[in-house]
1. Charges on Cβ only, +1 for Lys and Arg, -1 for Asp and Glu, centred on the Cα centroid of the range 125-278; of Ser235, Asn246, Phe223, which one is farthest towards the dipole's positive end?
2. Using only the alpha carbons of the range 226-269, what is the convex hull's orientation-averaged projected area in square nanometres?
3. Return the long-range amide H neighbours of Gly48 (sequence gap of 5 or more, or a different chain), with a cut-off of under 5 Å between placed amide H atoms.
4. Compute the separation of the alpha-carbon centres of the range 222-278 and the range 103-147 and state it in Å as a whole number.
5. So how do 87-94, 36-43 stack up, highest first, on mean other-Cβ count within 10 Å?
6. What residues qualify as long-range amide H neighbours of Ser124, i.e. H under 5 Å apart, gap of 5 or more or another chain, H built at 1.01 Å from N?
7. Given the pairs Lys119/Lys183; Lys119/Lys160; Lys157/Lys221; Lys202/Lys239; Lys50/Lys119, which are separated by over 21 angstrom at their Cα positions?
8. Take each of the peptides 45-54, 256-265, average the number of other beta-carbon atoms within 10 Å over its residues, and list them starting from the highest.
Amino acid sequence: MSLMPKLSATLLLSVSLFAATDAEVVAFLKKGIGNNPNISNLQIDVNGKKNVPNMSGWQAYFVNIEADVKQGKDTRHINQNGTYFVSGNVIAPELINLKSGERYNDTIAPDFSNTFYTKANLISGDANAENKIAIFSDPLCPFCRRYVPEALAYMAKYPKSFAVYYYHFPLAGLHPASVTLTKAAIAAEQNGTDNAVLGLYKLDINANETNDQKILDVFNKAFGTKVTVADIRRSSVVKQFESDQNAARSMMVAGTPTVFFNGQKDSSKNKYKEIKVK
């Protein structure tokens, strides 16, 4: 679940002028968001800042928003990231370049942290390759199903040119089955199955299925494995799954596929095609 559209609307109605220190940015956001009576235990932290290219004086603030949100009779805990733009005494939840039409909310992200280039996420190539590509994907996302297998197959042919790191980012709200599938792939690979990730993109399954056993039955039939419900719940699988989710949160990933090329967000997702391969 994402609260960003609702929170942004709240802020637009309450924008005021203030000196743009980190503390005051946080205080302003807390005041605007905290006015919602359905939000409690609100915590906001600035995770980083970045100058906005071609927009002199503007900085993107990357913030983490954590809160309990009341929805009817239920209360859900929300932990998500957001981007806000600050220039002097002005703050905005969205920034668009008038000349180019570029929406900076879509193109600006923190620089990819080297700590997330882990052996567990390296899916192909030499870790010391000239270029590092990080891909966040949901195997049941239609666009991912078209893009990821082709991109991975191409880069795998040039291990000295591309080190490709893959991060499971299932969109549970859109494709509930993808959560269990990605955990099954992690478990299978930990058990010795090769290329389980790529196989996910060929599975024929109801994306709205929520029964773990039914999902695993489809997975096991396709891969010839015997992954159990206990397997997808074991600590090593949960640890890897949560590590990928943490990387996604830190890098402001909101949709799939999201691609980083040599540490920078690649909105085109095709910069790898520009490389003279070896």
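1. Asn246
2. Mean shadow area of the hull around the Cα atoms is 4.4 nm².
3. Placed amide hydrogens put Phe62 under 5 Å from Gly48.
4. Result: 6 Å between the Cα centres.
5. Highest-to-lowest ranking by the protection proxy: 87-94, 36-43.
6. Amide H to amide H, under 5 Å and 5 or more residues apart or across chains, Ser124 pairs with Val164.
7. In this structure, Lys157/Lys221; Lys202/Lys239; Lys50/Lys119 lie more than 21 Å apart at Cα.
8. My ranking of the peptides, most packed first, is 256-265, 45-54.
All of the numbers you see were taken from the coordinates with simple rules; none came from a lab. From a predicted model like this one, the values you see are computed outputs, not experimental measurements. Ideal geometry is used to build each Cβ from the backbone, glycine not excepted, and the neighbour counts take in all protein chains shown.
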